[in-house]
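Student: A single structure is presented below for examination.
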Amino acid sequence: MLKRHADQLGERLDQLYLTGTTFIGLAELYYWYDIERLSKKPWRDIEARWQELLSEKGENYVDPLIEEGLEGFAFFYSENPSKLSEHAV
């Protein structure tokens with residue numbers, strides 16, 4: 001992975017940490033990792049980078065939720081998630 005691509009991925013993980021959500025497009029994953037097929041290797045790298053970010057912040061590891069769409073993946077992170085129904089009561 002080129003440094004500029006690692007920086008772009010780092011920005012997305014920072015966004016996930018700060019706002020609780022981010023999106024990574026399929027085309028970006030193929031381009032950043034210079035791959036033609038999505039395998040476990042990019043996911044393991046993203047997970048390691050996420051673990052490193054949380055460790056730097058002194059946080060325990062929390063596995064973000066991921067929703068796959070046609071164009072890529074939406075990531076969701078919350079240390080203390082709640083449900084809409086809990087707020088509507």
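Student: Which residue pairs have Cβ atoms under 7 Å apart, sit 6 or more places apart or on different chains, and have a first residue in region 34-53 that is touching a residue at least 12 places away in the same chain (Cβ under 8 Å) and under 15 Å from Gln8 (Cβ atoms) and a second that is among the aromatic types (Phe, Trp, Tyr) and exposed (fewer than 12 other Cβ atoms within 10 Å of the Cβ)?
Tutor: Qualifying pairs under 7 Å: none.
Student: Quick one: which helices (runs of 4 or more DSSP H) sit completely within the chain and have at least 2 residues that are surrounded by 13 or more Cβ atoms within 10 Å (Cβ to Cβ) and not aliphatic (A, V, I, L, M)?
Tutor: Values: elements: 3-19, 26-33, 40-56, 84-87.
In the chain, the matching helices (runs of 4 or more DSSP H) lie at 3-19, 26-33, 40-56.
Where a number appears in this text, it was derived from the coordinates with a stated rule and is not lab data. Keep in mind the model is a prediction, meaning the values are calculated, not measured. Methodologically, a virtual Cβ is constructed for each residue, glycine included, from the backbone with ideal geometry; neighbour enumeration extends over all protein chains shown.
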